[in-house]
1. What about A134, is it in contact with a Cys (Cβ under 9 Å, 6 or more places away or on another chain) and either under 16 Å from A57 (Cβ atoms) or at pLDDT 85 or above (or both)?
2. Can you pull out every residue in segment 87-113 that is surrounded by 13 or more Cβ atoms within 10 Å (Cβ to Cβ) and not small (G, A, S)?
3. Among the numbered conditions (1) exposed (fewer than 15 other Cβ atoms within 10 Å of the Cβ); (2) at pLDDT 95 or above, tell me where H141 comes up short.
4. Any idea how many residues of segment 25-43 are surrounded by 21 or more Cβ atoms within 10 Å (Cβ to Cβ) and among the small types (G, A, S)?
5. Would you confirm whether any residue within segment 46-57 is at pLDDT below 95, farther than 26 Å from R142 by Cβ, of a type in the set (D, E, K, R) and surrounded by 13 or more Cβ atoms within 10 Å (Cβ to Cβ)?
6. Scan segment 108-127 and give yes if some residue there is under 16 Å from the mean Cα position of the chain (by Cα), assigned to a helix (DSSP H, G or I) and of a type in the set (K, R), otherwise no.
7. Inside segment 20-107, counting only helices (runs of 4 or more DSSP H) that do not spill past its ends, which hold 3 or more residues that are aromatic (F, W, Y), under 12 Å from G131 (Cα atoms) and in contact with a Gly (Cβ under 6 Å, 6 or more places away or on another chain)?
Amino acid sequence: MDQLDQRVSDLEYRGAGDRHMIPLATIQRDVLILTCAISAGIHAALAREHFAEGAGAGGGFVASVVLLAGIVVVLTLQPPAVSTLLVASAVLLGLLISYGAAVTTGVPVLHPDVEPVEGLALATKAIEAVGLVAALLLLRHRRPAVSLTLAQLKGTST
């Protein structure tokens, strides 16, 4: 059995009867990977057009492609760490907020002109919102336990 098959079999477990059940966290991780990959592809396809509008806009698109592709690679190669999920959440939230600014007031330095609302952009933002929800749900289940340990000074009563 190769490494990928072993990883998949480790994630699956038997449900009622002979059905294979995939844990919800695995589905959420796959949704996050897929949404980041789709967003990266769309931003890569539109980067040249945005460079024509200005270096700031094009650079912003290239930066988003690099960040999203990095998230896809990391999440594909290893189980999702809290830090990776935080980065994914921040990137996706940043893309949603920056688009909101681009269509309402413009983005200073990067894209100062107000951009018209387009169907592809709205579809991309819907996909990114799904990815953000998946990342936040994964984070909710991966929060490290917090414990408070109070130091006891020597010679004081307990």
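The values are calculated or read from the model by the stated rules, or taken from the named source; none is laboratory data. Keep in mind that this is a model prediction, so the values were computed, not measured. Here the Cβ is made from the backbone with ideal geometry for all residues, glycine too, and neighbour counts use every protein chain on show.
1. On the way: in contact with a Cys (Cβ under 9 Å, 6 or more places away or on another chain): no; either under 16 Å from A57 (Cβ atoms) or at pLDDT 85 or above (or both): yes.
Against the criterion (in contact with a Cys (Cβ under 9 Å, 6 or more places away or on another chain) and either under 16 Å from A57 (Cβ atoms) or at pLDDT 85 or above (or both)), A134 does not qualify.
2. V87, V91, L92, L93, L95, L96, Y99, V103, V107, L110, H111, P112
3. Among (1) exposed (fewer than 15 other Cβ atoms within 10 Å of the Cβ); (2) at pLDDT 95 or above, H141 violates only (2).
4. Residues flagged as surrounded by 21 or more Cβ atoms within 10 Å (Cβ to Cβ) and among the small types (G, A, S) within segment 25-43 amount to 1.
5. For segment 46-57, residues at pLDDT below 95, farther than 26 Å from R142 by Cβ, of a type in the set (D, E, K, R) and surrounded by 13 or more Cβ atoms within 10 Å (Cβ to Cβ): present.
6. Yes.
7. So the answer is none; nothing clears 3.
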